Amino acid sequence: MNIRMHALASIRSGMPAQITVQATTPGVQFLADDREFIEFANLGYSKQLGYYRLSDFSDEPNETTNENPETIHSHGDDPDEEPMFVWYDGAGYPHLLGTAAEAADLYQAIGAFLLRGELDPEVIDEYDERWGNSFSISEAVAEAIAYGIGDDPEQIANRIRVAAAAGRIKGARNSHGGAWSFSKRTFRGWLVRAKAEKRGRPRKGGA
C-alpha cells in the first residue's frame, strides 16, 4: 500500500496526525509528543516501529511504498502537432494539462498557492457546469427516456423542470435565460427515485 493511503487510513481510525504541506513538500504532521513532520518520500511503516523516518532506520523493512501517485504523460502521438501533456491523478483519472507552456503556468499557480496561499476569490462548487459533468435539459430528457421513465420528450421535460424547481434534483441550476443544467450524478440519482416512486403508486380505483 502507498504510504499516503496507509497514513490516511490510520488518521481516519483515530491516529493523532494530519496530512499537510510544509515548504511545498507533502507529508504527515504527527500531533503527539514533539509534533514531528515527516515528508511522504521519507515516511515508512513497519509493525515493529510504526511510522518512522526511512533515513533513520534504513535496515528496517518498510511495509509501504513511497512513489508519488501523481504522474505526467504525453498526450497523442502526432509529430506535426505541438506536444500536449496529461496529468494522471492518484485516483487514476486523467486531466489534460495542455502544452508545456500551459503546464508551466499551472506550475506557477500551484507554487503561488503552496508558498503564499494565493487563491482566486471565486469558489467553485461540485455542481458547477464547468466541471463538464452536467446534462442540459435535452440531454437529461434523453437520459430519462433511456432509463425507462417514459417516451414523451415534452412530458418528461416538464416533469424534470417541476422536480428541479421543487428542489428534488440536488444541484440543478437554472440560468438567467431559463435553461436548466443538472449534475449527471445527482440527476441519475433522481431517475432511480422517480422510477421507484412511479412503480410503487397504486392504480386508480384500487385495481
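Taken together, the values in this text are just the output of simple stated rules run on the coordinates, not laboratory data. Values in this document were obtained by computation on a predicted structure and should not be read as measured data. Cβ: placed from backbone, ideal geometry, glycine included. Neighbour counts: every protein chain shown.
Observations on the model:
- Longest stretch of the chain clear of exposed loop sites (trypsin sites (Lys or Arg not before Pro), DSSP loop, at most 15 other Cβ atoms within 10 Å, sites excluded): 48-167.
- Pairs of Lys residues in the chain are counted when their Cα atoms are under 25 angstrom apart and they lie 8 or more places apart or on different chains; the count is 6.
- Computed E for residue 8/residue 155 - FRET, C-beta separation, R0 45 angstrom, nearest 0.05: 0.45
- Each of 44, 76, 10 was scored by the projection of its Cα onto the charge dipole of segment 8-97, and the greatest displacement toward the positive side belongs to 10; charges sit on the C-beta of Lys, Arg, Asp and Glu.
- Taking every C-alpha pair closer than 8 Å and separated by at least 6 residues, the mean separation divided by the residue count of the chain gives a relative contact order of 11 percent.
- Degrees, to the nearest 10: 184-200 long Cα axis against longest axis of the chain: 40 degrees
- Computed FRET value (nearest 0.05) for residue 91 with residue 42, which takes r as the C-beta separation and R₀ as 30 Å: 0.80
- Normalised convex hull volume, the chain, alpha-carbon set, Å³ per residue: 258 Å³
- Most tightly packed first, judged by the mean number of other beta-carbon atoms within 10 Å of their residues, the peptides 78-84, 109-115 read 109-115, 78-84.
- Solution diffusion estimate, µm²/s, Stokes-Einstein, segment 45-134, Kirkwood Rh from C-alpha pairs, 37 °C, viscosity 0.692 mPa s: 192 µm²/s
- Rounded to the nearest 10 degrees, the angle from helix 100-116 to the longest Cα principal axis of the chain is 70 degrees.
- Cα gyration tensor shape of segment 71-116, rounded if a/c is under 1.5, else prolate or oblate by comparing a/b with b/c: oblate
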